[in-house]
Amino acid sequence: MKKMELFALEIDESLFYNETIYYMKMPESWRNFFNRERTDRFKLAYKVEPLGKKLRSMFPEIISVHSDNKVLLHDCPWLISTKPIPELHIRQLTLGWLAHLKGYSIPELPQDIIDSDPAWVSCTFGDIHEIVDSYQWVPGMAAIKFCQDPKFLDLGKDLREELKFYHVIFNGKHECISNPLQKSNRHDPFSYVIRLELKTRGGDTGRTILTVSMGTRRYLSKEQIKDGICFMRFGHSCSVLVAVKNPYVTDMDKSFSQLKFERCTRSKSSFTAWESALDGLYWDVLNGESFESDSLLVNPSVYSDENGEVTAYVVNNNLFNGNSVKAGIGLSEKSGLFHLFKNFLVDFGAKELQLIPDITRREMNDSRFPMVASNVERLTIEIYSSVQMFEKVTEVLTTAQKSIDIDPVVILDKRSDFLFRLNCDKEVIVELVHCNPEGIVAELEIDNYKDKSLAQSKRINQISKQLSNAERRDNPVVALVEIDEKVKWREGTDPKKAIREGMKKTGRLTQFIYPLTDDETGDVSRIINATLDLFNDYGLLSDNVNKINIPGTLLSITVLKADNKYLPVMSRLIGTNLSIKMLGLDSWMSLQDAALKMDEAKFLDNPRKENRSSEVFDAFITKVIENELDQCEGQLIVLVNATLRNNWMRSIGNTKIQWDRTPVINERLTNESRLKFIRINATDDVPQYRIIINDAWNKFNKASGIFKDAIGAYYGVGGRPSAWKGIIIDTTKFSSPSKLLLQQRAVEYIPLGAKDKNEMDDLAILADHLRRLGLTYDKHTILPYTMRVLNSLTKYITGNEDDYDYDAEFDEEVEVESGEGMVEAK
């Protein structure tokens, strides 16, 4: 018997009502500063939120901040802290921020603003709990309590490590981070991380749940600026955890702040700069003098001394080359950290959650072949590459491969020199054509333009013109492009986005593949993955689609994001026929056609009171659902992404859903017995977990299954991908920091509108089986296939690559490129 233990606790905020805390109100002159500065009659020129968020990340003792306009209109608490941080620090940082907003120096601010003296007031949480955001202060208070004393972590094999934890606020979330650990001089340091968040659960909003998520955070130890060269790449900002010695007069305990810095343009005198004015002001106020962020990269290990004047740990993310410590955390470490925290908080008054039993399901095997196509057809694959790559691709695809199915599989069966029959349920003929990549994959000519975007536009037009003059074919054409990885390109010269857009303009889907290496096994794996990704984008399905029992038509709904615009899209699966519908285009179309016609779709603004985006979205999905009900004879099952509950589809919010009712869209659909919904949640709302088999609490496993709790929520844990195999179950990050340690993510399914509990089980099993239809993955994807293909369309809007199934635990600043042969761990 398998059971699931969710890493979460039921908690009541009243546990902390007797705790002494301190609140500070914003002085009237400061409030007037924000209220007076307006862009028009109703809109403030400056938001107070950035100031509050930055103060909170600098001083984790500030466990709650009122960052909305209420604090400007009413004399209510602004900052809530467990300690009275010196008012001088708050005052100087705020004055510096206000001066920065106006482009002033502090003495140039109005005198009443300069003269204001904020003050702390002491009380208990019980005195002010009704006006404080419990989603901020409850996890903050729990973290602070846990970090007060050292803890001993049992790592198995008679290994026990004493850890000191520090409360930090990292990217706005409360965490307990351990003192850095370093196995040897060959390895970079890392910390264990326990992240705490207060949540409600779908269909059970009467209880508040504290989710406890475990992970690691890796730090730099090797120099990144040397001999006048900076090895940090452009992109996004980099975090650093900083503690300045004795920041408070009476408190000797270390307090870490999260600051951020970023690469500068070449015109600057330094390589890096602090991300915001407040990051720089932090040093002036707490350190007494400015501090150059470049110093952290010249010799990071200098600042790792906990007894130094400045202690700083630079988070090692994808902006730097290499890391001797791989992502992830061991199963025993994850469980051990949770039980450390659970035992502490249960003694404080929190409640454990009940174990969740699994349900019986019909297993699906790993066989993906033969592929499933909608029609008999001919497909041309243009390979823009070296001759060596073209020959290697041809060899791999026409040779039996043992790594991609239960039995060895030949993807392409040769019929003539360049014509092949695809390993497919229908007669699909594939033509392989070698194309000269010259000019297409060259770096963008940014040095020729003041406006760098013109270099990209030129390449798009060049590709479009070049391919428009090429031999025309009546059948569909897709492209496989050999190209160097992102780190090989100068900043702003990577042509991938331009290539994808130029190819799209000539009717070609694209996948990228890195050049051949000395690693034969790796080369073969990347070629297989890139090719299967291309077939997947084209709309071919895994053979597992024939093993699913769908009692009717299946719809999936999501909203794609491109910059600050949003596109509602839906997929439809009838038997083995997949089609896509986008807002603004009347007809259903193939996956390939949808990718190529995205520019013709209608994008919306993010829903707000002043626009009609939500109404347009409701009308779009309502019309599609009603039309499908009119045309289909069986059930209509709708999968909807839980992320839509925030702005787009409030009827699937946690407080609105009930398992025996469909979400309220309109009166007809509410009373339609053939209509069923499944809400799919793959966000961090879903707790981490462990699976226990036959009550063997001391044994760890990599099991999978579907687990059902008492309120009607199901948790699906997919099979462990073959690429993750070879790691012993008891491996820990502490003992083996160089090993990649990943665990399957739990995905929540909540069936809505089922007539009984048996039908609920059937819907949950259907959602789980739909996660087995992707061609590239030998096990489950995170999202069901019909939702995942919708997300995969994003790269044809933005040109950017995403890997939807990669989860690097708390190495959250690591960006991983898509599965086009670029990520091995699938």
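Tabulated results
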{"quantity": "Degrees, to the nearest 10: 496-505 long Cα axis against longest axis of the chain", "calculated": "40"}
{"quantity": "Glu395-Asn701 FRET efficiency (beta carbon distance; Förster radius 35 Å; 0.05 resolution)", "calculated": "0.35"}
{"quantity": "Residue pairs, from the table Lys392/Lys496; Lys164/Lys245; Lys699/Lys733, whose Cα atoms sit over 19 Å apart", "calculated": "Lys392/Lys496"}
{"quantity": "For region 741-774 and region 507-564, distance of Cα centres in Å", "calculated": "21"}
{"quantity": "Surrounding net charge for Ser221, when Lys and Arg each add one and Asp and Glu each subtract one, Cβ distance under 13 Å", "calculated": "+1"}
{"quantity": "Kirkwood-type radius of the chain, with distances r between different C-alpha atoms, in Å", "calculated": "29.1"}
{"quantity": "Base-10 log of normalised Debye intensity for region 364-451 (one unit scatterer per alpha-carbon) at q = 0.14, 0.16, 0.21, 0.23 Å⁻¹", "calculated": "-0.62, -0.74, -1.05, -1.17"}
{"quantity": "Ranked list, fewest to most other Cβ atoms within 10 Å of each Cβ, for Asp685, Asp518, Asp149", "calculated": "Asp518, Asp149, Asp685"}
{"quantity": "Shape category assigned to region 523-680 from the gyration tensor of Cα positions, a/c cut at 1.5", "calculated": "oblate"}
{"quantity": "Chain lengthening between Lys623 and Lys458 when straightened (0.36 nm per residue, less Cα-Cα)", "calculated": "55.3 nm"}
{"quantity": "Exceeding the 27 Å Cα-Cα cut-off - candidates Lys260/Lys609; Lys334/Lys676; Lys458/Lys488", "calculated": "Lys260/Lys609; Lys334/Lys676"}
{"quantity": "DSSP-assigned coil residues among chymotrypsin sites (Phe, Trp or Tyr not before Pro) in region 134-234, each with at most 16 further Cβ atoms within 10 Å", "calculated": "Phe231, Phe234"}
{"quantity": "Aspartates and glutamates with Cα under 12 Å of Lys561, excluding same-chain neighbours fewer than 8 positions away", "calculated": "Asp605"}
{"quantity": "Formal net charge of residues neighbouring Ser67 (Cβ-Cβ distance under 12 Å; K, R +1; D, E -1)", "calculated": "+2"}
{"quantity": "Computed over region 141-351, Kirkwood Rh from alpha-carbon pairs, angstrom", "calculated": "18.8"}
{"quantity": "Under Karplus coefficients 6.51, -1.76 and 1.60, residue-wise ³J(HN,Hα) of region 438-447 in Hz, glycine/proline x", "calculated": "4, x, 6, 9, 6, 5, 5, 8, 5, 5"}
{"quantity": "Acute angle (nearest 10 degrees) that the helix 520-538 long axis makes with the longest principal axis of the chain, alpha-carbon atoms", "calculated": "80"}
{"quantity": "Using alpha-carbon coordinates, inclination of helix 387-397 to the longest axis of the chain, degrees", "calculated": "80"}
{"quantity": "Value in Å of the Kirkwood radius, where region 11-132 supplies the Cα pairs that are averaged", "calculated": "15.2"}
{"quantity": "Pair Thr360, Ile711: separation of 7 Å Cα→Cβ label points (nm)", "calculated": "2.8"}
{"quantity": "Count, lysine Cα pairs under 26 Å in region 1-120, 8 or more residues apart or across chains", "calculated": "22"}
{"quantity": "Per-pair calculated FRET efficiency, R0 = 25 Å: Lys245 and Arg160 via Cβ, rounded to 0.05", "calculated": "0.25"}
{"quantity": "Separation of the Asn185 and Val664 label points, Cα + 7 Å toward Cβ, nm", "calculated": "6.9"}
{"quantity": "Interchain or long-range residues, amide H under 5 Å from Ile329's placed H", "calculated": "Leu741"}
{"quantity": "Arg415-Ser735 pseudo-label distance in nm [points 7 Å out on the Cα-to-Cβ vector]", "calculated": "5.5"}
{"quantity": "Added length on full extension, which subtracts the Cα-Cα distance from 0.36 nm per residue, Asn671 to Asn343", "calculated": "113.4 nm"}
{"quantity": "Difference of contour (0.36 nm per residue) and Cα-Cα distance, Trp489 to Tyr104", "calculated": "134.7 nm"}
{"quantity": "Amide H contacts of Leu639 (H built 1.01 Å from N, under 5 Å, at least 5 apart or other chain)", "calculated": "Leu555, Ser556, Ile557, Ile678"}
{"quantity": "Debye equation applied to the C-alpha atoms of region 638-797, log10 I(q)/I(0) at 0.11, 0.12, 0.17 Å⁻¹", "calculated": "-0.52, -0.61, -1.08"}
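Every number here is computed from the coordinates shown, using simple stated rules; none is lab data. It should be emphasised that the depicted structure is a prediction, and the values quoted were computed from it without experimental measurement. Counting neighbours? That spans all protein chains shown, and the Cβs are built from the backbone with ideal geometry, glycine included.
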